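The values are calculated or read from the model by the stated rules, or taken from the named source; none is laboratory data. Small disclaimer: the values here were computed from a predicted structure and weren't measured. All Cβ positions, glycine included, derive from the backbone under ideal geometry; neighbour counts span all protein chains shown.
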Amino acid sequence: MIDSCVAEASARIYVANLPWAREYCYISAMGYALGYARVSTGDQDARLQHDALTAAGCYRVFTDSASGSLQCRPEFDKLMDQLRPGDTLVVWRLDRLGRSIRHLIDQLSALQDRGIEFQSLQENIDTSSPGGRLVFHIFASLAEFERDLIRERTHAGLAAARARGRTGGRPPLLTADKLSTARKLYAQQDMTVAQIGEVLGVSRTTIYRALRRDPEAAPPLRRSSTKTV
């Protein structure tokens, strides 16, 4: 009697159409297509992206309401956590996934390392096809080319600035006039280094460092502590 009841209950559970079964089940032999949509603000409507992703066969769509420049995208993090090898990440347009070419390439490389395919509907890019993989490699080459150009321009700009006598970095706290005043006050030996710094609006360490670098500095540096009577 008990065995028959258990068997009947098991049969009902087996054939039941559970509401969470489609969301959490995973079949290793056939990956799922998961969609990602993003709008910049809460006032924008993501239904256009949802409709396109659903029509493309996505069984679930994750949506973020955040700017593409933000690192924190909660729904995207959930999507990345649920993706498994063989799955496909689908977006409506490339800019929904990455905020720049470099960021987009990094995202696609991470997906490729995990065995996850990528598809963009507007650009007709599908990394599961030879043509899609070719486009991905072209994008990667362009991003590398862009990074090399930025590096070369930066080095050329620094070299040109050094040729004009500009070394870059934060400007010194002590100007030439303040340094001259500090040198005179220090030579008079009426004030401590800390007091000179208070007058000039800088720290005692700045005064010490400036006097050590200055070839016309006064006699050997003394301690800034006041004399005890």
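Quick notes on this one:
Each row is one residue, and each column tells you yes or no for (1) farther than 21 Å from Gly31 by Cα; (2) assigned by TED's automatic domain parsing to the domain that holds Ala52; (3) of a type in the set (A, V, I, L, M, F, W, C).
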position	(1), (2), (3)
Trp92	no, yes, yes
Ser100	yes, yes, no
Gln119	no, yes, no
Gly131	no, yes, no
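- The condition (being touching a helix residue (DSSP H, G or I) at 6+ places or on another chain (Cβ under 9 Å) and over 19 Å from Ala33 (Cβ atoms)) is satisfied by just one residue among Glu123, Glu146: Glu146.
- From the options Thr181, Thr175, Thr154, residue that is over 34 Å from the mean Cα position of the chain (by Cα) and modelled with pLDDT of 80 or more: Thr181
- Only one of the numbered conditions (1) surrounded by fewer than 17 Cβ atoms within 10 Å (Cβ to Cβ); (2) assigned to a loop (DSSP other than H, G, I, E, B) is violated by Asp51, and that is (2).
- Any hit, region 116-131, residues being assigned to a helix (DSSP H, G or I) and at pLDDT below 90: yes
One line per residue, one yes/no per condition, for (1) in contact with a Gly (Cβ under 9 Å, 6 or more places away or on another chain); (2) polar (S, T, N, Q); (3) over 20 Å from Leu53 (Cβ atoms):
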residue: Leu94; (1), (2), (3): no, no, no
residue: Ile101; (1), (2), (3): no, no, yes
residue: Ile138; (1), (2), (3): no, no, yes
residue: Arg153; (1), (2), (3): no, no, yes
residue: Thr175; (1), (2), (3): no, yes, yes
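- Candidates are the residues of region 80-115 that are charged (D, E, K, R) and either touching a His at 6+ places or on another chain (Cβ under 7 Å) or part of a loop (DSSP other than H, G, I, E, B) (or both); the one that is modelled with the lowest pLDDT is Arg99.
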